[in-house]
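What follows is a single structure, written as structure tokens, with notes after it.
The values are calculated or read from the model by the stated rules, or taken from the named source; none is laboratory data. Remember, it's a predicted structure, so these values are computed and weren't measured experimentally. Backbone-built Cβ (ideal geometry, glycine too); neighbour counts: all protein chains shown.
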Amino acid sequence: MTRWTQFFIPTLKESPADAEIASHQLLLRAGLVRKLAGGLYTYLPLGLRSLRKITQICREEMDAAGAIELWLPHLHPADLWREGPRWPAVREVMYRADAAGEAGAKARGAQEPEFVLGPTHEEIITPLARAEITSYRDLPKNFYQIATKFRNEIRPRYGLMRAREFVMKDAYSFDADDEGATRSYLAMKQAYTRFFARCGLKTISVEADTGVMGGSFSDEFMVPAEVGDDDVFYSETGGYAANRQKATSALVPADLRDAPPEGALEEFPTPGVVTIAALAAAPYGVPATQQFKTLIYVGDGKPFAIVLRGGDELEEAKLGALGFGLWRPATAEEIRPVMGAGPGSLGVVRGTIAHPEQLAGVYADHAIRLIGNGVTGANRDGFHLRHVNVVRDLAVTQFGDFRSVRVGEPDPKSGQPLQLCRAIEVGHIFKLGTKYSEKFGATYTDAQKQTRMMVMGCYGIGISRTLQAVVEQGHDADGVIWPWTTAPFQVLVTLLDPAVPAALERALELAAAAETAGADVLVDDRDERPGVKFKDADLIGVPLRITVGGRGLKEGIIEMKWRAEKTVARVPLAEAADRVRAAVAGARAAAPR
Ligand code: ATP
Ligand code: MG
């Protein structure tokens, strides 16, 4: 058992001005963390206890799923990252360091510093697997670690939610073939579900975009919360959930027949009209849903066109499906020489593009098929074309899903209307395929002595973010309401009269009873007023509070109260130890495991 006076719980009455969300305020007020600088936090003793519990639950679930713990360096040779597939995409996110400073790197004639601080570890683990795993007999393997990651987040915020230095569990699986990789992925998905449930967190798993990780499929584990950074589209009864980057809808019916042409192409003057809204307004009156919107992007240095319905928005992440490593909107200066006009007058009607051969492709969203015949830019400033037929006129290389879905559209699984909620991403799993194995030559020899690529998966859990998500999901106006499993202490014995020897003796006796029954116990033996002690008890949110005071002892009772409940039970002294033991046993039995 731990005595408050011999521990360190610096609680705060007021929440610091820069803490915007409840969980961030409570982490500070309950004495769990302190800020060093933007995105950098010290775990105070109480916070560290919860972090350790979450870490331990994670370790148990990873071990149970057959993953093997190791420890990789945090400081990585920059060259390894440069060899890897995503250097251009993640370079800016990494803190870069050179032992001899910037001048040292220059003196060596190097473009880059010698080291980077690891934001994740695919580039480190894949070469390890290449070197150490040679035969199919060594497969499958899944390695994990629970350690610190560093990311130069542009906007660190919300305390541990988006930090520059944070704790992550990262795992990497290596399999002999695709089916094996799918098995490893599903085992991790199950372990994640168990892990979050054991932490007392309600999560939903959603289909996610594979982003710069590449790879074939991925799920995110989300905690629904107003303060989340992510958008999740879901259907209540349809069983569909996906993050915004990935979400699709059944807006375009699978059996849609393309509309035949309605007349000959016709150019008409639209002086000064460069927006969807202006073309929708008088005197033109072309509804946004009848306009083609043409955007030019640059993918790995080459321009390409995207065509959407006028009223739709591009979901940039979906461009990842086109196979580019890096993409961005083209500038007006880049657009004109290729298209022959500026933004707002663009289109992809055959024969109107100045230099179609310079486009890496013309990618059209499926939803433009709903337009059938519509209006688009003529690639001549101040002119548009009408009677543009999707099939007859547009130079589309490939149709795909590129638009953002909207609330109310039918979900792709069951046709139920999509709903939207905000959520916190606490975990992310990817089936990677052979992207990293190919880059790093991670091969093995199969039973027929053939050389084959290892098939990989990677799996992350934001351990420190999970800590804060637990607080975000479990709190009230007075403080934290910890789940039993992740609480820094599970039983708090609030001693109201530490100077009364009989009270102290009783308090320690009940603390010992709780401890023997398997609880982590804190005894508030401070010489403070009861009001202060009760406020702190609610603030730090220990699940079960036992109050022992001089007056109660005279009446022959102690009090028991669950943090999550309102009622206070008055327990006769003679039954107290048994009741405490029973309460602890009950809580332990009820905790998910
Ligand atoms: P996000 O979309 O929130 O930036 P991410 O997709 O970049 O996260 P991953 O690379 O998938 O994150 O990392 C695995 C897990 O690490 C995430 O699911 C999240 O819980 C956690 N995580 C990522 N970035 C941070 C951060 N800056 N601070 C705290 N936890 C983080
Ligand atoms: Mg992610």
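Of note:
- With respect to the conditions (1) modelled with pLDDT under 95; (2) more than 34 Å from the chain's Cα centre (by Cα); (3) in a helix (DSSP H, G or I), A282 lacks only one, and its number is (3).
- Of all residues making up segment 400-444, the number that are aliphatic (A, V, I, L, M), within 16 Å of ligand 2 (Cβ to nearest atom) and touching a helix residue (DSSP H, G or I) at 6+ places or on another chain (Cβ under 7 Å): 4
- Residue match in segment 39-49 (condition: assigned to a loop (DSSP other than H, G, I, E, B) and either within 22 Å of E165 (Cβ to Cβ) or among the aliphatic types (A, V, I, L, M) (or both)): yes
- Close Cβ contacts (under 7 Å, 6 or more residues apart or on different chains) running from residues in segment 507-522 that are farther than 19 Å from F7 by Cα to residues that are basic (K, R) comprise A513/R581; A517/R581; G518/R588.
- Test: residue in segment 62-72 that is surrounded by 18 or more Cβ atoms within 10 Å (Cβ to Cβ) and within 23 Å of G441 (Cα to Cα): yes
- Residue count for segment 155-174, restricted to those that are more than 16 Å from the chain's Cα centre (by Cα) and of a type outside the set (G, A, S): 2
- Positions within segment 155-182 being in contact (Cβ under 8 Å) with a residue 24 or more places away in the chain, farther than 24 Å from I124 by Cβ and of a type in the set (K, R), in sequence order: R157
- The strands (runs of 3 or more DSSP E) found entirely in segment 313-413 that carry 1 or more residues being within 30 Å of V206 (Cβ to Cβ) are 327-329, 362-365, 398-400.
- Scope segment 259-278; condition more than 39 Å from the chain's Cα centre (by Cα) and exposed (fewer than 15 other Cβ atoms within 10 Å of the Cβ); matching residues: P260, E262, G263, A264, E266, E267, F268, P269, P271, G272
- Pairs with Cβ under 6 Å, 6+ apart, first in segment 22-47 and within 15 Å of ligand 1 (Cβ to nearest atom) and among the polar types (S, T, N, Q), second at pLDDT 95 or above and outside any strand (DSSP E or B): S23/Q468; S23/V471; S23/E472
- Strands (runs of 3 or more DSSP E) fully within segment 418-463 that include at least 1 residues being more than 17 Å from K189 (Cα to Cα), within 16 Å of ligand 1 (Cβ to nearest atom) and in contact with a Lys or Arg (Cβ under 9 Å, 6 or more places away or on another chain): 419-433.
- Residue match in segment 119-133 (condition: charged (D, E, K, R) and within 16 Å of ligand 1 (Cβ to nearest atom)): yes
- Answer residue from segment 473-490, given it is surrounded by fewer than 24 Cβ atoms within 10 Å (Cβ to Cβ) and either among the aliphatic types (A, V, I, L, M) or within 21 Å of the chain's Cα centre (by Cα) (or both) and is farthest from ligand 2 (Cβ to nearest atom) among those: A477
- For segment 425-446, filtering for residues that are surrounded by 19 or more Cβ atoms within 10 Å (Cβ to Cβ) and in contact with a Pro (Cβ under 8 Å, 6 or more places away or on another chain) leaves 4.
- Qualifying residue in segment 27-44 (condition: touching a Cys at 6+ places or on another chain (Cβ under 8 Å), buried (at least 19 other Cβ atoms within 10 Å of the Cβ) and closer than 30 Å to W4 by Cβ): no
- Scanning segment 161-178 for residues that are of a type in the set (F, W, Y) and either within 16 Å of ligand 1 (Cβ to nearest atom) or not in a strand (DSSP E or B) (or both) turns up F166, Y172.
- Residues of segment 106-155 that turn out to be within 30 Å of Y444 (Cα to Cα), of a type in the set (D, E) and either buried (at least 20 other Cβ atoms within 10 Å of the Cβ) or at pLDDT below 95 (or both), as a count: 2
- At least 2 residues being within 16 Å of ligand 2 (Cβ to nearest atom) and either basic (K, R) or farther than 30 Å from H384 by Cα (or both) is the threshold, and among the strands (runs of 3 or more DSSP E) wholly inside segment 188-275 those reaching it are 204-207, 217-224, 230-235, 240-243.
- Taking segment 372-418 as the range and being buried (at least 16 other Cβ atoms within 10 Å of the Cβ), aliphatic (A, V, I, L, M) and more than 26 Å from R336 (Cα to Cα) as the test, the residues that pass are V405, L418.
- Among the residues of segment 286-339, just one is under 16 Å from G374 (Cβ atoms) and of a type in the set (F, W, Y), namely F292.
- Residue in segment 102-117 that is outside any helix (DSSP H, G or I), within 16 Å of ligand 1 (Cβ to nearest atom) and either in contact (Cβ under 8 Å) with a residue 24 or more places away in the chain or touching a Pro at 6+ places or on another chain (Cβ under 6 Å) (or both) present: yes
- Residue count for segment 229-248 satisfying the condition of being in contact with a Gly (Cβ under 9 Å, 6 or more places away or on another chain), crowded, with 19+ Cβ neighbours inside 10 Å and farther than 23 Å from M161 by Cα: 1.
- Test result for E505, in a helix (DSSP H, G or I), charged (D, E, K, R) and touching a helix residue (DSSP H, G or I) at 6+ places or on another chain (Cβ under 7 Å): no
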